[in-house]
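Let me begin by presenting the structure, written as structure tokens, before commenting on it.
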Amino acid sequence: MENFFSNYWWIFLVILCIILSKSIARLFFGMVIVPEDRIGLVTKKFVLFGKFKELPGGRIIATNGEAGFQAGTLAPGLYFGKWIWQYEITMESFTVIPEGKIGLALSKDGNEIPTGNILAQRVECDNFQDAEKFLTTGGQRGRQASYITAGSYRINTMLFQISITDMVRIQESMVGIVTTLDGLPIERGQIAGKLIEGHNNFQDFDAFIKNGGNRGLQPQVILAGSYNLNPWAIQVEETPMSEIPIGYVGVVISYIGQEGKDLTGSDFTHGNIVEKGYKGVWLEPLGPGKYPINKYTMKVELVPTTNLVLNWATARSEAHNLDKNLSTITVRSKDGFPFNLDVAQIIHVPSIEAPKVIARFGNMVNLVSQVLEPTIGNYFRNSAQDSDVIAFLSTRKERQDSAKAHIKKVLDEYNVNAVDTLIGDIVPPETLMKTLTDRKIAEEQKVTYDTQKRAQETRQGMEKETAIADMQKDIVKAQQSVEIAERTANATVKKAEGDASSVKLAVSAEAESTKMRAHAEAESTRARAQAESEAIKLKASAQAEQISLTGNAEATKILAIGKSTAEAYELAVKAIGGDNFTRYKITEELAKGNVKLIPDVLIGGTNANGTAVEGILGLKLLEMLDPKNKEEQKIKK
């Protein structure tokens with residue numbers, strides 16, 4: 001340690017000299033050095049010479065050299081004459097206000113604030129950096145209306161106390177509603193102060209006061225942005241802008257302003273409608289959009305300008321909720337039955353009539369409850385009492401049209417257009433509904449039975465046509481068979497005639513050779529042929545008689561059967577005719593009995609120009625062509 005002091009003693013000597021030099025300079029020369037980032041606050045301890053030795057009563061800051069805290073400060077630099085025994089110099093840092101902040105000043109000295117005011121008026125004092133000027137030009141003690149913005153200031157903190165607070169920020173789509181804490185009282189009969197210009201959105205509160213601003217609620221609002229507002233003077237409430245959706249208009253009701261002239265005329269006796277800016281309902285409504293409305297001084301009533309549907313139905317309401325208190329209408333018919341019905345009313349409020357509707361009712365809810373609900377409910381109750389339930393149900397359309405006309409006439413008196421009135425579900429009493437249902441079911445069953453009857457008649461007609469078509473096929477087939485048989489017989493006759501001619505030539509030739517014998521044989525043959533012809537005729541006559549009797553018997557049988565099915569055969573007879581039907585049945589029965597349609601006598605009979613020989617030849621040919629004869633001949637062989 002001794003070595004250290006012996007080696008570095010000179011350092012301690014230099015430090016001591018420096019200290020002693022400042023003290024000596026201060027002692028002998030009153031020298032004071034104020035650093036560049038400081039301010040020197042001066043306190044005068046006593047006064048040796050001079051007129052003002054003591055501060056006036058109530059003052060704490062000296063402005064004329066009195067002893068005590070001095071208004072003047074020392075800026076950074078070198079000063080002389082500040083003797084250590086007379087002055088005390090205190091170094092203070094600059095007052096710094098950050099960005100986004102403001103500084104509020106509270107003066108500890110100055111004149112008294114006038115009675116009724118709470119803030120001191122502004123005086124020019126270089127943002128509170130010139131304390132002497134503040135005091136000498138009428139500065140008032142207490143909270144100052146002025147403030148200082150972001151920056152560094154040389155402020156005498158023995159006179160001013162600086163508080164730092166945030167700037168006021170209003171967000172987008174919001175509005176600031178202002179209430180001032182100082183100013184003139186609000187006029188009697190008003191709820192807000194007068195509209196004052198020239199205060200830059202209340203940032204220059206001194207201008208607001210000088211221009212006659214009132215304390216309390218202000219009609220003017222501030223929009224989105226940042227503002228230097230003194231919270232000792234102004235309170236701001238941030239609230240959303242008033243939004244008017246598409247399909248609506250906003251009717252403005254102003255609570256402030258002068259009484260305006262009524263623009264509705266003598267016919268409208270439900271309130272005053274005035275021009276914009278006056279107290280009352282404004283004549284011109286606001287269209288869709290956003291508006292910076294002061295909700296405490298004005299009210300905006302939304303009025304829908306599109307068609308509005310109101311439902312008188314339980315547990316059913318539209319999005320606008322104007323019909324949330326409406327329910328199904330219960331009425332009583334003339335015959336004493338209560339029943340329920342749902343009603344929908346469509347209305348439209350023209351935009352130019354919206355102020356009258358609001359002036360008359362105050363809002364749309366009152367329009368529904370005071371006019372629409374009693375009007376529509378009472379109309380249908382009165383209408384139901386003039387009719388029974390069934391008649392009411394059956395004349396629904398007529399009653400709907402009548403209700404539309406009646407309600408339209410009523411609403412026209414209230415500046416509302418009735419677009420349409422619709423009757424919805426009608427719920428009759430359950431007992432009556434069961435009766436109506438049973439009746440309807442019976443009617444439907446009758447219709448069903450009638451339909452089934454017509455279907456059966458149609459089916460019978462179809463079956464008759466089908467039977468006729470089937471019989472027609474058999475008739476055609478029979479006709480074709482007859483025609484084939486006739487043609488076969490004709491061919492057989494032709495062949496027989498050809499064979500007869502050949503025989504005749506042969507006989508003639510033989511007769512020429514033996515004339516006598518041929519003549520005798522011819523006579524004999526002729527006689528035999530005549531006899532055979534007579535026999536064939538008798539046989540054919542017997543067969544024809546048999547066929548006739550058989551046909552008569554069959555006809556009698558058919559007639560007997562037909563009596564049991566007379567209705568069916570009557571339709572068939574009417575369709576194809578009596579004769580045709582008889583022929584068809586005879587043909588059918590003959591076919592069942594295997595009776596030939598063309599008797600042999602017709603083929604082998606004597607024609608007008610034929611001979612007995614030709615008849616015999618024809619019979620012979622038929623026997624040869626008959627398949628049964630061929631089979632018998634084969635058996636014999």
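The values are calculated or read from the model by the stated rules, or taken from the named source; none is laboratory data. The shown structure was predicted, so the numbers you read here are calculated from the model rather than taken from an experiment. Glycine also receives a Cβ, built like all others from the backbone with ideal geometry; neighbour counts cover every protein chain displayed.
If Val249 meets every condition in (1) surrounded by 17 or more Cβ atoms within 10 Å (Cβ to Cβ); (2) part of a loop (DSSP other than H, G, I, E, B) apart from one, which number is that one?
Of everything listed in (1) surrounded by 17 or more Cβ atoms within 10 Å (Cβ to Cβ); (2) part of a loop (DSSP other than H, G, I, E, B), Val249 misses just condition (2).
Being not in a loop (DSSP other than H, G, I, E, B) and not assigned by TED's automatic domain parsing to the domain that holds Val300 narrows it down to one of Leu195, Leu217, Leu229, so name that one.
Going through Leu195, Leu217, Leu229 in turn, the sole match is Leu217.
Can you list residue pairs whose Cβ atoms sit under 8 Å apart, with the first residue in region 424-447 being on the phi < 0 side of the Ramachandran plot and the second being small (Gly, Ala, Ser) and modelled with pLDDT of 75 or more? Count only pairs 6 or more apart in sequence or on different chains.
From region 424-447, the pairs are Gly424/Ala313; Gly424/Ala344; Asp425/Ala313.
In region 182-204, which residues are of a type in the set (A, V, I, L, M, F, W, C) and buried (at least 18 other Cβ atoms within 10 Å of the Cβ)?
Hits for region 182-204 are Ala192, Ile196, Phe202.
Out of curiosity, is Asp323 modelled with pLDDT under 90, more than 28 Å from Ile244 (Cα to Cα) and acidic (Asp, Glu)?
Here the answer is no, as Asp323 does not meet what is asked.
Just to be sure before I move on: is Val281 among the aliphatic types (A, V, I, L, M) and free of Cβ contacts under 8 Å to residues at least 40 places away in the same chain in the structure I sent?
For Val281, the condition - among the aliphatic types (A, V, I, L, M) and free of Cβ contacts under 8 Å to residues at least 40 places away in the same chain - is not met.
Against the definition (at pLDDT 75 or above and among the acidic types (Asp, Glu)), how does Glu457 come out, yes or no?
yes
Would a scan of region 180-194 turn up a residue that is under 45 Å from the mean Cα position of the chain (by Cα) and not aliphatic (A, V, I, L, M)?
No, the conditions are met nowhere in region 180-194.
Please verify whether Arg122 is touching a residue at least 24 places away in the same chain (Cβ under 8 Å), more than 21 Å from Gly213 (Cβ to Cβ) and touching an Asp or Glu at 6+ places or on another chain (Cβ under 6 Å), treating the condition exactly as stated.
no
Give Phe80, Phe128 a once-over and let me know the one that is aromatic (Phe, Trp, Tyr), crowded, with 17+ Cβ neighbours inside 10 Å and within 17 Å of Leu41 (Cα to Cα).
Phe128
Test Thr306 against the stated conditions and say whether it is surrounded by fewer than 13 Cβ atoms within 10 Å (Cβ to Cβ) and outside any helix (DSSP H, G or I).
The answer is yes for Thr306.
What about Glu238, is it of a type in the set (D, E, K, R), under 27 Å from His199 (Cβ atoms) and in a strand (DSSP E or B)?
yes
Which residues, counting only those in region 253-286, are in a loop (DSSP other than H, G, I, E, B), among the charged types (D, E, K, R) and over 15 Å from Thr297 (Cβ atoms)?
Lys261, Asp262, Asp267, Glu275, Glu284, listed by residue number.
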